[in-house]
Amino acid sequence: MSRDRFCEIKTKIKYSKPKDKNDHDKAWKVREILNLFKTNIQQFGFFMTALSVDEMMVRFFGHTCLKQYLPCKPDRYELKLWGLCGANGYLFNMDIYCGKNDTSIGINLASCPLGSRVVVQMINPLLLGISKRKLLDYHLYFDNYFTSPDLIVHLSKYGLRSTGTVRKDRVKVKHTFEKKAPRAVGVTPIKPIKRYSRTAKDRIEIGFPFAFSLYNKFMGGVDLHDFLCKKACPSISSKKWTFKIFSRILQASVTNILTLWNICNTDKTKHVTTKYLCKEISRIMKLELEQYVTTRSVVRFCIDCDKYYCLHCFPLLHQAK
C-alpha cells in the first residue's frame, strides 16, 4: 500500500456518530469503540486471581484537553490511560483519564480521592460479576498513587484482598527505619533471598518480608502489558488523539492474543513472540482480503438476512429485492 493510499484511508476512519456526543464526557468520540473492546476482553471472565491497577501512557504531541504534561516521564506529553491487568500482562479493563473531576468515573464517588475512584471503577466488573465467596480467591495490587486506608477498608468489605504501597502523608502511624539500618529488617513472615553484600563482596542470603516478595511478583502486570503493546505495532504519528487511542486498542488486542496463546501453549519452548504473531495476523488478513476480492463479483446481498450468498444458493433460498 502506498503512503498516499494509507493516509486517505486513515482520514476516512470514524470512531463515533453525532448522536454519541456527550458534553460531560471528554472522551465521547472513542467511548463506543472502547466499550466494545472492554466487552470483548471480559468475555472470558477474570481468569487471573492476581490483579494490578496502574497507569499506561501513550505518547502524543497534538492538541487536546486530554493531554498530560509529565516532566518526569521519558515522553513528557502523553495521554494517560488506566489499566487492570493480570500478572501475565493480560488486560481486563481500560479507561481514559479525562481529568481530576471526571464525572464518567462515577457520580457517587465524587467525594473520594481520584486514586480510589479509579481502582473502584476498574474493579467494578469483578465485584458485580463474581460472588463474594469466589472473590476471596482474588488479590489486587496497586502503588502509592492509589493506596489509602479508606480504599483498603472498602475493598475488604466486599471480600477482596488488596496490597499496596502507601505515602507517608496518608497514614497516621508511621514506621520508619534508619538510613544505615542493615538489611533483613522487617515484619514476619520472612522469605530468604540472595542479595549482594559489600562487606562480604558476594551474594549472601538475607531475610526478606514475604509481603514485599508477593508485591514485586504480581504488581508489574500493567507495565508488562504496556511494554508488549509498544512491540506489537509500529508507532504511527498522528495529530488526532482519537487515532492514537484506536491504535492503542489494536496494540492491546494483539497483546491479549499473545498472552492467551502462550497460556494455552503448555510447551514453553514453543511460545511465540510478538513479531511472529503480528506476521501471522497480517498473513491471514491478506488471504481473507484476496478471497473477498475474488468472490465479491459472484455473490449477492439479501436485504432481509443482511448477508451475502453465492449466486448458486441465492435463488434457491431467497428472493432478490
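Residues in the range 15-57, backbone N under 17 Å from the label point at L250 (7 Å along the Cα-to-beta-carbon vector): list them, ranges by number please. Correct set: 15-16, 30, 33-34, 37.
Placing C85, C7, C65 in order of accessible area, with the largest value first and a 1.4 Å probe, yields C65, C7, C85.
Classify the range 64-157: rounded, prolate or oblate, from the alpha-carbon gyration tensor (a ≥ b ≥ c, eigenvalue square roots; a/c under 1.5 rounded; otherwise prolate if a/b is larger than b/c)? Verdict is prolate for the range 64-157. In this structure the amide hydrogen of S162, modeled in the peptide plane, comes within under 5 Å of the amide hydrogens of L140, none closer than 5 places in sequence on its chain. For the chain, the 222 nm mean residue ellipticity estimated from helices alone, with every DSSP H stretch of n ≥ 4 adding -39500 (n - 2.57) and the total spread over all residues, rounds to -11500 deg cm²/dmol. Computed from backbone phi, the HN-Hα couplings of the range 83-90 come to x, 10, 10, x, 5, 8, x, 6 Hz, rounded to whole numbers (Karplus: 6.51 cos²θ - 1.76 cosθ + 1.60, θ = phi - 60°; Gly and Pro given as x). Taking the charge dipole of the chain about its Cα centre, with +1 at Lys and Arg Cβ atoms and -1 at Asp and Glu Cβ atoms, the residue from G86, A232, G62 reaching farthest to the positive side is G62. Legend: Rg and Dmax of the chain, from Cα coordinates, 24.5, 88 Å. Here the spin labels are modelled as points 7 Å beyond Cα on the Cα-Cβ line, and at I13 and Q68 they lie 2.3 nm apart. Taking label positions 7 Å along the Cα-Cβ direction at both T273 and K239, the computed distance is 3.7 nm, reported to one decimal. Among the trypsin sites (Lys or Arg not before Pro) in the range 213-260, those placed in a DSSP loop whose Cβ has at most 13 other Cβ atoms within 10 Å are K239.
Grab the other residues whose beta carbon is less than 14 angstrom from that of D4, score K and R as +1, D and E as -1, and report the net. Value of the local net charge: +3.
If you sort L70, L224 by accessible surface, 1.4 Å probe, largest first, the order is L224, L70.
Here the chain is assigned +1 on the Cβ of each Lys and Arg and -1 on the Cβ of each Asp and Glu. Its dipole about the Cα centre then comes out at about 760 debye.
Need the list of lysines near K21 for cross-linking: C-alpha distance under 28 angstrom, and skip anything on the same chain fewer than eight residues off. K21 reaches K10, K12, K29, K38, K67, K80, K100, K239, K240, K244. Of all lysines in the structure, the ones whose alpha carbon falls short of 23 Å from that of K270, not counting any fewer than 8 places away in one chain, are K230, K231, K279.
Let me check against my output: what whole-number percent is the relative contact order of the range 125-241, with C-alpha pairs under 8 Å and at least 6 apart?
Here the relative contact order equals 18 percent.
Taking only alpha carbon atoms, the range 1-137 gives an Rg to Rh ratio of 1.00, where Rh is the Kirkwood radius. A DSSP coil position with no more than 13 other Cβ atoms inside 10 Å describes the following trypsin sites (Lys or Arg not before Pro) in the range 9-95: K14, K21, R76. With a cut-off of 15 Å between beta carbons, the residues surrounding A211 carry a summed charge of +2, where Lys and Arg count +1 and Asp and Glu -1.
The values are calculated or read from the model by the stated rules, or taken from the named source; none is laboratory data. If you're wondering where the values come from, they're calculated on a predicted model, not measured in any experiment. Positions of Cβ are generated from backbone atoms using ideal geometry, with glycine treated the same way; all protein chains shown enter the neighbour counts. What goes into the accessible areas is simple: the full protein's heavy atoms, side chains included, and nothing from ligands, DNA or RNA. Shrake-Rupley method; radii C 1.70, N 1.55, O 1.52, S 1.80 Å.
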